[in-house]
Amino acid sequence: MKAFIIFFTSVQIFVADNYAQSCNATGASINSSLQVVKNIKTDFGAMGDGITNDQQAFNNAANFINNNVVNGITGNVKLIIPGGIYLVGEQEAHLNNTATHAHPVYEGKHVMYLHDVNNVTIQGSIHSMIIFKNGMKFGTFDLSNGLPPITLDEFNPSTNGNVQDPYYYFSPHKGTIGNFLFINTTNYGDENSNIEIKDLEINGNSDNYILGGNWGFGARPIEVSNAFGLYLINISGLTISNVKIHHCGQDNLYIGSYVGPVNSPNPPNDLASSTNNVLIQNIICEFAGRNNFTWASGENFCVSGSSFNHAANKNIKTSPGYGMDIEPEGESPHPLCRNGFFDNCVFGFNGGLGLTNARSRDNTAGLPVGDVRGYSYNHYFFNCSLIGNKDASARIYSNRVTFDNCNFYGEVVNYASTINSGIQEPAVFKNSLFSDCYNGKTMFTPTALLALEYSYQVKIVDNNFKRFSYNSTFPYYSRLIYGPINGHQTCSDPNLKPIFQDNNFYFLPNPTQEALLSQPHHDKFINNNFYKQNSSLTIWSNTLGCQLRDNEEPWAGSPHFTPGFIYHDLNLGDYGICQDKLICEKNIYSSEEINESNIFQSAGFIYTDSKIQLSTNESVKYESAESIILNPNFETNLLNNAYIDLSITPCTHPSGRTMAANILTIQTPLNNEYLLSTNNSLVVFPNPSSNDFLVQINAPVKNQILYYITNSLGKIIESGSIRPTGIKQNSFNIKNITIPGIYFLKININERSESRKLIRL
C-alpha cells in the first residue's frame, strides 16, 4: 500500500477488548442549496496581498454570516477565501486603566466571531494563508507606559499574590491577541450546527510577537487567553479538513462545550452533547505556545491523518505544552470527552507530553461524595506515533482507552484503570512498539518504557518492548516496565493485576546492572518472549502496577526468573543500539526544524514537512523501504555543497523477513521558491511537443534528481526521481502529458530548484 494511502485513511472500524469503537462521525452536513456564496475579496474588500491589513474585511464577513437568515435559520453562508496572504491583527491600547475588570492594556480583537450559526462553510485554497501582523503584544505590561515589566513575573498572578485583581480573565495588565475564528453561542444550552472549515493555513506568527511578562506556569508562560487559531464551542456537526494551524500564542485548536457555572438555569445533563459529531482530517497543528490541540468537552470525535507537534517549544512555553490534551474542563457539572477515534496521527516533539487523556470515569479520589465531575472514556488510537523527547510520549488517566498498532517513543505512564473487577473496562495496549530510541536519538525515559501506577486490570498484549539506552538517575538502569513501590492500595485480588500476554521484551543489559521489571506475577505473565544477551537477568519482586500494602517490603526476594517468560539469547548485532540505523517497525512523521546533518530511516513511509537549513557540506538523508512524501510545507535552505538525499532501500526485519522497496512519492520539490534559469544546465525539447518531452541536465549531479509536473491550475499530475548516472549529462523522458495545454516542470538539481514551462500540442 502506498504511503499516502496509509496516511490519509479516514474511516476504520476496530473492536476493543471490552467495547466497540469506530470512526462514526460524519462531520458537518452541509446543505449547499441554502448557502449564499460570498468571496472575502470581491464581497468584503480583502486584498490578500500580505501588505494590507484585512482584519476589517473578515470582521465584515463574520457580521454578514451572523445576520444572514434563511428560512428562519441564521448562517447559511459559504465564505470563499481565494489564494493569497491575508494580513490580520488588531489591538486597542488602554493605558492607565486600573479599574476593576478593566479592559486589557492591549486588547486584541477576534478576526472572525460567529455565534448561533448553522450551515456555514469557510473554504480557502491550497495557497490561502491567514497571518497575524508583526509586533502584536502578548503577555503582561506596565499600565503606565505599556512596556513589558522589569521582571517577567511582576504581574504574574501565579507567582505574585499582590497583583491587582489577579483573576485570570480580568487583570488589566494583559496583552491579548484575538482568535482567528471564535465560534460560540449566546445562550446557555444552545448550539451551532454544521460548520465546515477547510483548505486553509492559519499562522499566528508568535515568533514575531512583542512579548511582555509571564502569566501562568511553564518555562516562559503566557496564558492570557484569546490567542487561539480556532476556538470552537457548542457545535453539532463540525468538519475541519486540510488545515494547517501554527504559531498561535495559546492553543492552535480548542474544541469544547459551553462551560457555564453549576447554577446556570436549566443546565443539560451532560455537556458532551453540546459538541458532537466532529470530523478532523489531514490537519497540521504545530508550534503552539501552549497545546496544539485541546479537546475540552464533546463526543464522537474522529481524527485522521493529522499531526500535533512542537508545542511550547519556541519563544512561548506555557504549561502543559502538550501535543494533544484530552481533558474535560469547566465549571459545569458534567463536561465529558468521550468516543474518540484517532487514525494515523502523530503527537511528537512537544515541550510537554505528546498526549494526555485525563480523568478516569471511575476516578473519584479526593472528590466529595456524589460529585460526578467530568471524565473521559471510550477512545481508540490506531496506527498512531507518540514521541516524547522532553517529557513522556503519553500519560493516560482514563480507562476504556485502547492503543492498537501504535509506536511509543519515550516513556508511557498509565495512571488509571478501573478499580472494580466487575466493570472490566481497562486500558489496553496491543500490537504496539515501546522504545526509547527515535531516529537514532534517545527519548525521554527516566523510569521505564511503560510505568504503571494504579493500573488495575490494564492489558498489555502482543507488543514489542525495546530499550536501547541506560538511565543513570536510578540504580537500576534498563527497566522496560515499572510498577511503583509506595502507597497504600492493596492488590491482593488477582483479578485486579495487569495482564502481560504474548509480548516480546528485548533487553540490552548494562555491563554491571541488569534489572528489568518490577515483580511480574507469574499468573499475569502469559507466553511472553524474552530476548537477552548471554548473561544473567534480574527481575525484582515488588508489586507491579498496584501500590504495595503497608506491611510489604520493597524489592522483596532475591533475583529470580519468573514463569510465563520464554527466554531467548540475543545477539547484540541483531538488536542494535540507538544509532542511525534502519528500524523496520516504524513509519516516520517529521516536522523538525533541521539545522545539522541528520539521517531519517524507516521501514515504512516517511512523511515530512520539515524546514531544513544546512551549512556548507552538511546533508540530510531520508531513507525508506516504502515511500517518501514531501508535504507542501517542506522547505530547504542549502548552502555550498549541502544537499538532501532521498532513497528507497529495502530493510531486514529482526525476524529475517526482508521488506521490499517501493516507489518514491514526491508531493512537492525541495524549495518553496523556484528559480527560472535561462542557462543551458536544464534543457527540455521538443518544446512545444505533440508527444514526449526529453529533459536533459547538463551539469554534474551528486544526488537524486527530484521533479514534479503541475498543470496550469497547480495540480500535480506527475512526480518522480532520477538517480544520477555518474556522468556530466543526465536525461529522462516525460511521457504522461497527453492533454493539450500549458504545464510546468519543477526540478531540483543538487541544491538548486529550477522551473520550465511545457506546452503540449
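The values are calculated or read from the model by the stated rules, or taken from the named source; none is laboratory data. In this text, all values refer to a predicted model and were calculated from it rather than measured experimentally. Virtual Cβ from ideal backbone geometry, glycine too; neighbours counted across all protein chains shown.
In the stretch 294-312, of all residues being touching a residue at least 60 places away in the same chain (Cβ under 8 Å) and part of a loop (DSSP other than H, G, I, E, B), the one that is farthest from the chain's Cα centre (by Cα) corresponds to Ser297.
The residue of the stretch 66-79 that is nearest to Met129 (Cα to Cα), among those that are of a type in the set (Val, Ile, Thr) and surrounded by 18 or more Cβ atoms within 10 Å (Cβ to Cβ), is Val77.
Select from the stretch 441-454 the residues that are under 21 Å from the mean Cα position of the chain (by Cα) and either surrounded by fewer than 24 Cβ atoms within 10 Å (Cβ to Cβ) or not assigned by TED's automatic domain parsing to the domain that holds Phe382 (or both) and list them in ascending order. Once the filter is applied, which keeps residues that are under 21 Å from the mean Cα position of the chain (by Cα) and either surrounded by fewer than 24 Cβ atoms within 10 Å (Cβ to Cβ) or not assigned by TED's automatic domain parsing to the domain that holds Phe382 (or both), the stretch 441-454 yields Lys441, Thr442, Phe444. Scanning the stretch 689-714 for residues that are loosely packed, with under 14 Cβ neighbours inside 10 Å and at pLDDT 75 or above gives Ser690, Asn691, Asp692.
Here Val428 does not qualify as modelled with pLDDT of 85 or more and under 18 Å from the mean Cα position of the chain (by Cα). In this entry, Ser29 passes the filter for residues that are at pLDDT 95 or above and of a type in the set (Ser, Thr, Tyr). Across the stretch 196-217, the qualifying residues are those that are more than 20 Å from the chain's Cα centre (by Cα) and assigned to a loop (DSSP other than H, G, I, E, B), and the one among them that is nearest to Asn134 (Cα to Cα) is Tyr209. Within the stretch 169-190, restricting attention to residues that are surrounded by fewer than 20 Cβ atoms within 10 Å (Cβ to Cβ) and assigned to a loop (DSSP other than H, G, I, E, B), the residue that is modelled with the lowest pLDDT is Tyr169. Restricting attention to the stretch 48-65 and to residues that are of a type in the set (A, V, I, L, M, F, W, C) and at pLDDT 95 or above, the residue that is surrounded by the fewest Cβ atoms within 10 Å (Cβ to Cβ) turns out to be Phe64. Sub-7 Å Cβ pairs linking a first residue in the stretch 608-628 that is outside the structural domain of Gly305 (by TED's automatic domain parsing) and modelled with pLDDT of 75 or more to a second residue that is charged (D, E, K, R) and part of a loop (DSSP other than H, G, I, E, B), at least 6 apart or interchain, are Ser610/Glu592; Glu618/Glu596, ordered by first then second residue.
Within the stretch 233-251, does at least one residue satisfy the condition of being hydrophobic (A, V, I, L, M, F, W, C), in the same structural domain as Ile197 (by TED's automatic domain parsing) and closer than 16 Å to Pro320 by Cα? Give the steps one after another, and end with the answer.
Taking the stretch 233-251 first, the residues hydrophobic (A, V, I, L, M, F, W, C) are 233, 235, 238, 240, 243, 245, 248.
Restricting the remaining residues to those that are in the same structural domain as Ile197 (by TED's automatic domain parsing) gives 233, 235, 238, 240, 243, 245, 248.
Subset that is closer than 16 Å to Pro320 by Cα: 248.
There is at least one residue in the stretch 233-251 that is hydrophobic (A, V, I, L, M, F, W, C), in the same structural domain as Ile197 (by TED's automatic domain parsing) and closer than 16 Å to Pro320 by Cα.
Matching residues to (1) closer than 23 Å to Gly27 by Cβ; (2) surrounded by 24 or more Cβ atoms within 10 Å (Cβ to Cβ); (3) at pLDDT 95 or above:
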site: Val278; (1), (2), (3): yes, yes, yes
site: Asn292; (1), (2), (3): yes, yes, yes
site: Ser297; (1), (2), (3): yes, yes, no
site: Ser306; (1), (2), (3): yes, yes, no
site: Asn309; (1), (2), (3): no, yes, no
site: Ile316; (1), (2), (3): no, yes, yes
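Of the residues contained in the stretch 69-78, one or more are found to be modelled with pLDDT under 95, more than 23 Å from Thr176 (Cβ to Cβ), out of contact with any Pro (no Cβ under 9 Å at 6 or more places or on another chain) and part of a loop (DSSP other than H, G, I, E, B).
Within the stretch 90-116, if we keep just the residues that are buried (at least 23 other Cβ atoms within 10 Å of the Cβ) and part of a loop (DSSP other than H, G, I, E, B), the residue that is modelled with the lowest pLDDT turns out to be Pro104.
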